[in-house]
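Working notes, structure below.
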Amino acid sequence: MNPPIRISEPVPPRDDVQALEGYHSPQLDVRVRLNTNESPYPPPAGFVEAWLDELANVPLHRYPDRQARDLRAALAQRLGQPMERVFCANGSNEVLQTLLLAYGGHARRALAFEPTYALHSHIARLTGTPIAEGERRPDFTVDPETATKLVERHTPSIVFTCSPNNPTGTLDPPEAVDALVDAVAATGRGLLVVDEAYGEFASRSAIQQVDDDRPLVVVRTYSKVWSMAAIRLGFCVAPPWVVEELEKVVLPYHLAAPTQIAGRVALRFDTEMKARVDELVRERDRLLDALEGQAGVVPYPSGANFVLFRVQADGQRVWDGLVAHGVLVRNFSRWPRLHDCLRVTVGTRDENDAFLEALSRVLTEVTS
Ligand code: PMP
């Protein structure tokens with residue numbers, strides 16, 4: 001037998017994939033981890049018990065319900081929407097990917113307003129969808145007039161906005177959402193996707209604006225409010241004709257039975273979850289106040305469970321200093337439009353205090 005032929009170089013992937021950088025959010029083993037916008041609390045103990053109880057009765061040798069009917073019906077009821085408007089996937093990132101697989105592609109375009117969630121343009125590129133870049137205003141809101149002009153110029157098949165916006169915390173006013181969805185509807189060729197991963201922390205949502213004859217999709221996740229980042233569950237509310245296309249594109253049986261059950265059972269713990277949201281919103285507002293009172297720091301208003309702030313110092317040095325004090329936040333200091341900006345996730349009261357104390361010390365160290 002001939003020896004097997006060996007290759008000296010790795011097989012190249014698609015050219016556009018080769019040119020991509022992966023998505024990285026560095027994890028370090030530190031005392032206080034406030035960098036990935038998760039909930040600081042695990043799900044209620046009663047949830048885990050109820051979830052495992054139901055799981056014990058699942059016929060594991062069978063594929064899960066392909067349409068995730070029970071989960072979608074429960075979610076739809078909670079949201080006051082018909083079930084046909086709900087699509088579920090493994091985290092809201094998979095919802096975004098499915099939207100792009102169905103509506104993006106080489107001959108089409110997506111539009112996003114920077115600075116925003118990096119995965120919108122990253123997943124667009126992964127699906128071969130060219131991405132046009134709009135700018136947010138200096139206060140990080142989307143200007144409806146500029147946005148409308150960009151929609152007319154590019155006729156994108158997907159326009160992304162994110163409210164509250166990651167990483168800035170900015171909330172889109174309902175007029176901006178209306179203006180954007182009207183602009184997209186006027187082209188007759190696109191969808192407006194409002195990413196509300198942090199929607200429960202905010203005072204308003206676009207979910208009630210979803211209608212069967214408007215090209216509006218609102219994306220949500222269980223990863224933040226529902227303390228279920230490890231489960232991987234997200235969903236969107238969209239006109240039924242969008243949901244039908246998404247179901248066509250997504251892999252069969254993509255949503256495992258434990259995930260479907262977790263999503264449904266979690267809804268029984270609404271009261272506990274609402275109490276956590278209230279607590280996190282109080283802590284966010286306390287953090288914002290404290291940062292406003294801290295010399296050398298400019299925080300931005302936030303409707304989410306995190307706060308973006310700019311330091312009047314070298315942001316990288318401040319981030320390094322925080323890590324040295326055992327506190328990890330997200331470093332945006334070298335990002336375009338976000339120079340010297342850091343983003344802190346709202347943690348427990350103790351974690352937030354540890355962060356504030358470390359920040360105050362680091363700022364003294366780097367400016368003295
Ligand atoms: N959208 C935004 C704006 C996010 O910040 C995140 C998580 N960082 C996601 C979507 C994805 O969340 P998941 O896939 O965990 O639902």
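Some points to look at:
- Selection status of Gln18, of a type outside the set (Val, Ile, Thr) and either over 29 Å from Lys224 (Cβ atoms) or in contact with a Cys (Cβ under 6 Å, 6 or more places away or on another chain) (or both): yes
- Qualifying residue in the range 218-233 (condition: away from the ligand (no atom under 12 Å from the Cβ) and among the aliphatic types (A, V, I, L, M)): no
- Tally, over the range 41-67, of residues that are part of a loop (DSSP other than H, G, I, E, B) and surrounded by 12 or more Cβ atoms within 10 Å (Cβ to Cβ): 8
- Residues located in the range 257-279, provided they are loosely packed, with under 15 Cβ neighbours inside 10 Å and either among the hydroxyl-bearing types (Ser, Thr, Tyr) or outside any helix (DSSP H, G or I) (or both): Thr271
- Applying the condition of being in a helix (DSSP H, G or I) and open to solvent by less than 10 Å² (accessible area, probe 1.4 Å) to the range 143-158 and asking which residue is farthest from the ligand (Cβ to nearest atom) yields Val151.
- Every residue from the range 78-98 that is assigned to a helix (DSSP H, G or I) and of a type outside the set (A, V, I, L, M): Arg78, Glu84, Arg85, Ser92, Asn93, Glu94, Gln97, Thr98
- Only one of Leu101, Leu75 that is more than 15 Å from the ligand (Cβ to nearest atom), assigned to a helix (DSSP H, G or I) and under 20 Å from the mean Cα position of the chain (by Cα): Leu101
- Condition check for Gln27: polar (S, T, N, Q), within 16 Å of the ligand (Cβ to nearest atom) and open to solvent by 40 Å² or more (accessible area, probe 1.4 Å): yes
- Of the residues making up the range 276-298, those that are closer than 17 Å to Arg349 by Cβ, among the hydrophobic types (A, V, I, L, M, F, W, C) and touching a strand residue (DSSP E or B) at 6+ places or on another chain (Cβ under 7 Å) are Leu287, Leu288, Leu291.
- Residue match in the range 306-314 (condition: under 30 Å from Glu54 (Cβ atoms) and open to solvent by less than 50 Å² (accessible area, probe 1.4 Å)): no
- Once the range 82-98 is narrowed to residues that are of a type outside the set (Ser, Thr, Tyr) and either open to solvent by less than 20 Å² (accessible area, probe 1.4 Å) or modelled with pLDDT under 95 (or both), the residue that is nearest to the ligand (Cβ to nearest atom) is Gly91.
- Strands (runs of 3 or more DSSP E) contained in the range 294-368 and holding at least 2 residues within 20 Å of Val32 (Cα to Cα) and in contact with a Gly (Cβ under 7 Å, 6 or more places away or on another chain): 306-311, 341-345
- Qualifying residue in the range 191-201 (condition: under 21 Å from the mean Cα position of the chain (by Cα), within 12 Å of the ligand (Cβ to nearest atom) and hydroxyl-bearing (Ser, Thr, Tyr)): yes
- In this structure, Gln81 qualifies as closer than 21 Å to Val210 by Cα and either out of contact with any Pro (no Cβ under 6 Å at 6 or more places or on another chain) or of a type in the set (A, V, I, L, M, F, W, C) (or both).
- Residue check, Phe140 within 16 Å of the ligand (Cβ to nearest atom) and either free of Cβ contacts under 8 Å to residues at least 12 places away in the same chain or surrounded by fewer than 24 Cβ atoms within 10 Å (Cβ to Cβ) (or both): yes
The values are calculated or read from the model by the stated rules, or taken from the named source; none is laboratory data. Note that the structure is a prediction, hence the values are computed from the model and not measured. Note that each Cβ is placed from the backbone with ideal geometry, even for glycine, and that neighbours are counted across all protein chains shown. Surface accessibility is based on the protein's heavy atoms, side chains included, excluding ligands, DNA and RNA. Shrake-Rupley method; radii C 1.70, N 1.55, O 1.52, S 1.80 Å.
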